[in-house]
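Peer 1: Below: one structure in structure tokens.
The values are calculated or read from the model by the stated rules, or taken from the named source; none is laboratory data. On a predicted model such as this, the values are computed, not experimentally measured, just so you know. Glycine also receives a Cβ, built like all others from the backbone with ideal geometry; neighbour counts cover every protein chain displayed. To get the accessible areas, we keep the full protein, side chains included, count just its heavy atoms, and leave off ligands, DNA and RNA. Shrake-Rupley method; radii C 1.70, N 1.55, O 1.52, S 1.80 Å.
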Amino acid sequence: MLILTLALFTFGMVLYQNIHQKISQDTDDILRSRAKGIVESIDTYWEAESMDIAEGDAKVHFTKEDNINFIRIAKRWVGEKISDPNLINIIVRIFDAHGNPITSSRNIPTEHLNAHIFNDVRKGSDHFENDYLDVNDKPSTFRVFTTPVMENKRLAYIVQVASPFAQLHAILRNLSLSLLFLLPLTVILTSLSGVFLVQLTLRPVDEMIETIHQITAENLKLRLTIPGTKDEIESLARTFNQMIARLDEAFTSQRQFMEDISHELKTPLSVLKGELEVTLKRIRSTQEYETALQSSLEEVNHLGQIVENLLTLARFDAKTTTLIAKPLDLSLLIKDTVEAIQVLAIQKNITLQFNSAHTVDIVADKNQLKRLFLNILDNAIKYTPPGGKISVDLRQQKDSAGIEISDTGIGIPESELPHIFDRFYRVDKSRSSAGFGLGLSIAQSIAMAHGGKIEARPNIPQGTIFTITLPVNLEIRL
């Protein structure tokens, strides 16, 4: 409202000034035109009179300056032209070359031409000014134009025309009243309309705010009603619902993560506690104490491994893990990794083989990639029954290297594949011996940090195939 008021006030002032200036300029132009017409008309009268007087005597020469015949002609002209439609609102006054009044079209007190005006016109200059004239004993403000009439480079007489300011004042007064009435009315009506439109427009926002106040960490399933206004508010509601959905997913994942951590930590802690309690119930031999301590150490290592894996994932999430990238032969790295884990495969009578006929040079962090392959191979060995087979194939692509690890294990249902890289996710949730549930998550984080990815698909007729794609030139994406 304040901005609108200031804008309309400025507009009104500019409009008033422009109209005032335009009318004043038009008035000056009219007065100048009327004065020119009067001079031409009087000169016509004078020439006709001069011809009659000088008829028969070519040597006679007449001048208008201080000529009684010119004074008579000027008075006659004023008497005849006083009712001219072009001069109805115009006062005509004629002065001689000394500034003395000759005649006037209205009843104006006889007085000498003002000295400052006379000084200008005597030099041949026109003169405009605003002046009070006493017409019929009623003083009024007039716009006055005075022009000299020169003859042989001498001042012959002076013509003065005046137009009352009453009409101009009436126009400006009506304009002022109109602006004073219309501008506040416009502000009020516009403001009321604006308030109505704002309330109408923001009504969905109020409803959204009311719904938002009801959303809590325990009530993230609640969603905003989409207003259907096809504007920014609808877009805002959809965006907010998407944000709430992401928050709901994050909270759900966090709760599940905490439950899984509790479950993973509870089992080794319970075992450790049970073994210590049993050991302390009576005095035991040195060998029994050593056996109990060895079992406790295994559980502590188990806990340490869980914590270490969690810290690793936390570093990847916080983007604080620094990759030590160096050129390496990926084929040789995978060969060494397969040989290192071969002992686990032999223990389960699983055939583990690596197929690669050529070297593949890449730039990567050797230790991190080795951990990636170990996690996936360990997972494959864990879920492949005795007598099964695990194959590792390496192939060179255009700008990347592809590693395919396939097994003949129990397989993963296709509906579960999108979730197997989630932390602590188990396909068989009833089995607590399935591992930490962090190995595949760590492997995926390592691949992504190298600018690569890991995908899983069923291995027909049985098992799972993991496809690892790594760029040849490392683009760190921590």
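Peer 1: Please state which of the following conditions ILE94 fails to meet, knowing it meets all the rest: (1) in contact with a helix residue (DSSP H, G or I) (Cβ under 6 Å, 6 or more places away or on another chain); (2) open to solvent by 60 Å² or more (accessible area, probe 1.4 Å).
Peer 2: (2)
Peer 1: If the Cβ limit is 7 Å and pairs must be 6+ apart or interchain, which residue in the range 234-248 that is within 18 Å of ASP206 (Cα to Cα) pairs with which residue that is modelled with pLDDT under 85 and loosely packed, with under 13 Cβ neighbours inside 10 Å?
Peer 2: Final answer for the pair search is GLU234/GLY228.
Peer 1: If you don't mind, there's one more thing I want to ask. If we keep just the residues of the range 109-146 that are open to solvent by less than 20 Å² (accessible area, probe 1.4 Å) and in contact with a Leu (Cβ under 7 Å, 6 or more places away or on another chain), which is farthest from ASN67 (Cα to Cα)?
Peer 2: Looking at the filtered set, the residue picked out is PHE142.
Peer 1: Return the pair list, or none, for Cβ contacts closer than 6 Å from residues in the range 447-473 that are without any contact (Cβ under 8 Å) to a residue 24 or more places away in the chain to residues that are outside any strand (DSSP E or B) and crowded, with 16+ Cβ neighbours inside 10 Å, at least 6 apart or on different chains.
Peer 2: LYS453/ALA447
Peer 1: Please count how many residues of the range 81-91 are open to solvent by 40 Å² or more (accessible area, probe 1.4 Å) and modelled with pLDDT of 85 or more. Walk me through it before giving the result.
Peer 2: Of all residues in the range 81-91, those open to solvent by 40 Å² or more (accessible area, probe 1.4 Å) come to 81-86, 88-89.
Checking the rest, the ones that are also modelled with pLDDT of 85 or more come to none.
Of the residues in that region, 0 qualify.
Rundown of residues vs (1) within 60 Å of the chain's Cα centre (by Cα); (2) under 22 Å from GLN21 (Cβ atoms); (3) assigned to a strand (DSSP E or B), yes/no style:
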position	(1), (2), (3)
SER163	yes, yes, yes
ARG173	yes, yes, no
SER176	yes, yes, no
LEU183	yes, yes, no
THR190	yes, no, no
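Peer 1: Same structure, new question: Does THR229 satisfy being open to solvent by 50 Å² or more (accessible area, probe 1.4 Å) and among the hydroxyl-bearing types (Ser, Thr, Tyr)?
Peer 2: When the stated conditions are applied, THR229 passes them.
Peer 1: Further, regarding this structure: Kindly indicate whether any position in the range 421-436 is under 30 Å from ILE261 (Cβ atoms), in a helix (DSSP H, G or I), open to solvent by 20 Å² or more (accessible area, probe 1.4 Å) and modelled with pLDDT under 85.
Peer 2: Within the range 421-436, none of the residues are under 30 Å from ILE261 (Cβ atoms), in a helix (DSSP H, G or I), open to solvent by 20 Å² or more (accessible area, probe 1.4 Å) and modelled with pLDDT under 85.
Peer 1: Would you mind stating whether THR267 is in contact (Cβ under 8 Å) with a residue 24 or more places away in the chain, more than 30 Å from LEU224 (Cα to Cα), polar (S, T, N, Q) and open to solvent by 30 Å² or more (accessible area, probe 1.4 Å)?
Peer 2: On the way: in contact (Cβ under 8 Å) with a residue 24 or more places away in the chain: yes; more than 30 Å from LEU224 (Cα to Cα): yes; polar (S, T, N, Q): yes; open to solvent by 30 Å² or more (accessible area, probe 1.4 Å): yes.
Spelling it out, THR267 is indeed in contact (Cβ under 8 Å) with a residue 24 or more places away in the chain, more than 30 Å from LEU224 (Cα to Cα), polar (S, T, N, Q) and open to solvent by 30 Å² or more (accessible area, probe 1.4 Å).
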